[in-house]
Structures are given as C-alpha cells and as structure tokens.
1. In the stretch 6-268, what % of DSSP beta bridges are antiparallel (nearest 5)?
2. Given a Förster radius of 25 Å and the C-beta distance between GLU202 and TYR40 as r, what FRET efficiency does 1/(1 + (r/R0)^6) yield to the nearest 0.05?
3. Can you tell me the convex hull volume per residue for the chain, based on C-alpha atoms, in Å³ to the nearest whole number?
4. Counting other beta carbons within 10 Å of each Cβ, put ILE125, ILE203, ILE147, ILE249 in order, fewest first.
5. With N set to the number of residues, divide the alpha-carbon radius of gyration of the stretch 1-156 by 2.2 N^0.38 Å and report two decimals.
6. In the neighborhood of SER46, defined by Cβ-to-Cβ distances under 15 Å, what is the net charge if each Lys or Arg adds +1 and each Asp or Glu adds -1?
7. Could you compute Rg(Cα) / (2.2 N^0.38 Å) for the stretch 43-108, with N its residue count?
8. Determine which residues of the stretch 241-269 fall in the zone a paramagnetic label at LEU234 would reach in this model, i.e. backbone nitrogen under 15 Å from the point 7 Å along Cα→Cβ.
Amino acid sequence: MSDDVSDIAAFYNSDPAKEHNRLARNQLEYDLTWRYLDQYLPQQGSVLEVGAASGRYTLELAKRGYTVIAVDLSAALIEECRKRIVAEGVEKTIRLVVADARDLSEVTETGFDAVLLMGPLYHLIEETDRKVALIEAFNRLRAGGIIFSSFLSRFGILGELLRNKPSWIEDQPEVRSLLANGKRPDDYPRGGFRGYSAKASEIAPLHEAIGFETITVAGVEPVISANDESYNKLQGKQRELWLHLLKEIGAEPSIIGASRHLLYIGRKK
C-alpha cells in the first residue's frame with residue numbers, strides 16, 4: 001500500500017462518537033443521501049458498507065431489512081457500531097469487520113447488491129489508492145449492483161473553513177496546495193483530519209476507469225454551504241418540500257462543486 005493511514009485510524013479511534021454526532025448536525029447531508037439510497041437501492045438485498053463508522057447508515061439499513069457487512073479502518077468505531085446495533089436489536093443481520101478499504105480480503109463474500117463507500121475516499125490521498133479501493137468494491141458487487149461513494153469537495157469545503165477556521169487562510173502553502181492538489185503539502189506533519197478533496201469533474205472518470213457506469217454525481221448539501229442551521233430548524237411540510245427541491249437540483253452542474261460532500265452513484269456493468 002502506498003500510503004500509511006495509521007494516523008487516520010488514530011484520529012477516529014480518539015473520538016469514536018464524533019462522526020455519529022457530525023451527521024446529527026449535518027442533517028441535509030444525511031437526509032439527501034437517504035433520498036438517493038431510497039431511489040437506487042433494491043427494495044431488499046445485501047449491502048457492503050465500507051467506512052461504516054459508528055453505524056449511522058448501518059442501523060437504518062438493517063432496520064429496513066437489508067443484510068449488511070459493515071467495515072471500518074477504526075477498531076474503536078467498529079466497537080461503537082457494535083454497541084449501537086446491539087442496543088437496537090439488529091445485530092443478527094450485520095457482520096462487523098475492521099479492515100482497510102484497499103484490502104477487503106476478510107470480506108470473502110461477493111455478489112452484493114450494493115456497496116456504500118462513503119468515507120474512505122476522503123482519506124486516500126493518492127489516486128492509486130482510491131482506485132484500489134474502488135476495485136475492491138467493484139469485485140464484490142454483482143453485475144448490475146450499485147455503488148454509492150462519497151467525496152469531499154475541493155471548493156465546497158471552503159465555506160466550512162471560512163466559518164469554523166478562518167485562520168486557515170493565513171497558511172498560504174496549505175491554501176495553494178489544497179487548490180492545486182486537493183490536500184495538504186506533502187511535507188506537513190501528519191495528524192488530525194488528513195484528507196483529500198476532489199474536483200467534481202474527476203469523480204465520474206475515476207469510477208468509469210474501473211468499469212462502473214455513471215448514474216449521477218450530486219452535491220448532498222446544495223446551496224447551503226456551511227449553513228446547516230437553516231435546514232436543521234425546518235420541520236414538517238416545509239422541511240419535506242425543501243428536501244425535495246434540493247434533491248431536484250442536487251446534480252445541477254453549476255452548483256455541484258459548492259456542496260461540501262459529493263455523492264457518486266454508479267452501476268457495475
């Protein structure tokens with residue numbers, strides 16, 4: 001493997017509830033992703049979830065009747081997921097695995113109806129590693145199976161940085177490296193949230209080079225930038241109507257890259 005990701009595992013091991021809580025704050029990302037899952041998942045079947053974290057999607061998939069193999073790099077996150085699925089009483093339909101997305105040899109099953117790769121591609125800095133993870137997913141899907149993969153948006157994350165870490169702009173080497181390469185400078189120390197941010201235009205070709213047929217690439221936080229509160233406070237009919245509208249425009253080319261998170265949906269030919 002070309003990149004040592006032990007620092008990323010350590011980052012998530014240090015606070016295993018963090019990702020669960022993030023999705024509680026970033027409600028549009030979660031709600032809109034589920035709109036796409038509802039649209040493209042088969043009504044029943046098997047799902048390989050790579051990057052399951054503490055099980056926010058895992059739990060809901062199991063409750064809806066899917067059988068799930070949930071994989072994560074972080075042992076602490078997998079243990080957190082275990083606690084949650086036991087508490088919900090859905091452990092019989094879920095198998096948990098600690099593994100790197102680039103090496104799924106412990107997942108001997110194939111023929112999955114869908115793969116969720118919603119997290120690992122954030123942290124695979126090298127394109128060759130991202131391709132390896134996609135090949136691992138491709139090899140475990142049945143013909144016609146669906147992949148959902150998530151990316152950080154290179155330019156969409158700027159709103160989050162402006163809001164929560166405005167001092168970032170003073171580190172001009174990091175700013176220039178992000179804009180040019182989607183990552184920190186290679187000589188920066190490791191630690192914290194070390195990731196890769198993609199341009200929207202590179203996502204479909206990356207998957208198609210592996211053999212996937214693109215269905216869509218969409219932003220899952222269109223128009224709100226880092227303003228989660230405006231969506232979170234919506235209730236009832238207003239929330240439902242806004243969610244419907246934002247899904248309708250989520251794949252509009254002029255706004256895809258402005259979302260913090262991008263979702264690719266494709267099919268194994």
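Please treat every number below as a calculation from the coordinates, not as lab data. For clarity, every value in this text was computed on a predicted model and none was experimentally measured. With ideal geometry, Cβ positions are generated from the backbone for all residues, glycine too; neighbour counts draw on all protein chains shown.
1. Roughly 40 percent of the beta bridges in the stretch 6-268 run antiparallel, per DSSP.
2. 0.70
3. Per residue, the Cα convex hull of the chain comes to 125 Å³.
4. If I rank by nearby Cβ atoms, fewest first, I get ILE249, ILE125, ILE203, ILE147.
5. Against the compact-globule rule of thumb, the ratio is 0.97.
6. So the surrounding residues net to +3.
7. 1.00
8. Of the residues in the stretch 241-269, 241-251 have backbone N under 15 Å from the label point off LEU234.
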